[in-house]
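One structure is given below, encoded as C-alpha cells.
The values are calculated or read from the model by the stated rules, or taken from the named source; none is laboratory data. Remember, it's a predicted structure, so these values are computed and weren't measured experimentally. All Cβ positions, glycine included, derive from the backbone under ideal geometry; neighbour counts span all protein chains shown.
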Amino acid sequence: MPTRRLSCIALVVSICLAACSHVSTVRLQPDTVEVGPGLRPIAGLQSNAISLYLLFIPIPGVDLDKVVNQMLIVAAKTIGADKVANLRFDIDPDGGIWALRKLAFYRSAQASGIAVQVTAPESDPNADQGPEPVGGEATNGTPYPASAAAPGAMN
C-alpha cells in the first residue's frame with residue numbers, strides 16, 4: 001500500500017511540474033489588427049507560468065524574465081517575428097503580506113503581446129521632385145528661396 005501511495009504522490013507532483021508554464025499563439029490577419037506604422041502583425045501571443053510553494057520553497061520558481069524573455073519573445077522569434085508590440089505583463093506580488101502565500105500556495109506570472117514583422121516604410125511619391133523647400137510655401141504656392149526667411153520669422 002505505501003508504494004502505491006508514493007507513486008500517486010509522484011504522479012501528482014509530475015503533473016504539477018509539467019503544467020507549470022504554457023505559451024498560446026493565435027494567427028492574426030494583418031488587415032484586421034492595427035499595431036502601428038511600419039509593423040505587420042502575424043500572431044497574438046500569451047505566456048503563463050505558475051510556481052507552487054511548499055513552506056517557502058518554490059517548485060519550480062517563476063519570474064518575469066522567464067515569462068517575457070524566455071517564453072514570449074522566444075515564441076515570437078520562432079514564428080518569424082522581428083519584435084513584440086503591445087507587450088503587457090503581470091506577476092503576483094512577492095513581498096509584504098503576499099509572502100504568506102508561499103506557505104502552501106502558488107505564484108503566477110503572465111505576459112502577452114502581438115508578434116510583428118517590421119516592414120519597409122512607404123516610399124515618398126514625390127521623391128523625384130527634389131527636397132521640400134526650407135522656408136515653406138508662400139500664400140501663392142511658390143516656395144521661398146532657401147536664403148529668405150518666411151514672413152514673421154526672425155533672423
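Quick notes
- Any hit, segment 54-77, residues being more than 18 Å from the chain's Cα centre (by Cα), at pLDDT below 85 and among the charged types (D, E, K, R): no
- For segment 54-102, the set of residues classified as buried (at least 17 other Cβ atoms within 10 Å of the Cβ), of a type in the set (Val, Ile, Thr) and touching a residue at least 40 places away in the same chain (Cβ under 8 Å) consists of Val62, Val67, Val68, listed by residue number.
- Of the residues making up segment 34-53, just one is outside any strand (DSSP E or B) and crowded, with 17+ Cβ neighbours inside 10 Å, namely Val35.
- Within segment 24-50, residues that are closer than 20 Å to Ala109 by Cα have Cβ atoms under 7 Å from residues that are charged (D, E, K, R) and surrounded by 12 or more Cβ atoms within 10 Å (Cβ to Cβ) in these pairs: Ala49/Lys66, counting only partners at least 6 apart in sequence or on another chain.
- A search for C-beta distances below 6 Å between a residue of segment 117-128 that is more than 19 Å from Lys77 (Cα to Cα) and any residue that is modelled with pLDDT of 70 or more, counting only pairs 6+ apart in sequence or on different chains, returns Pro121/Gly38.
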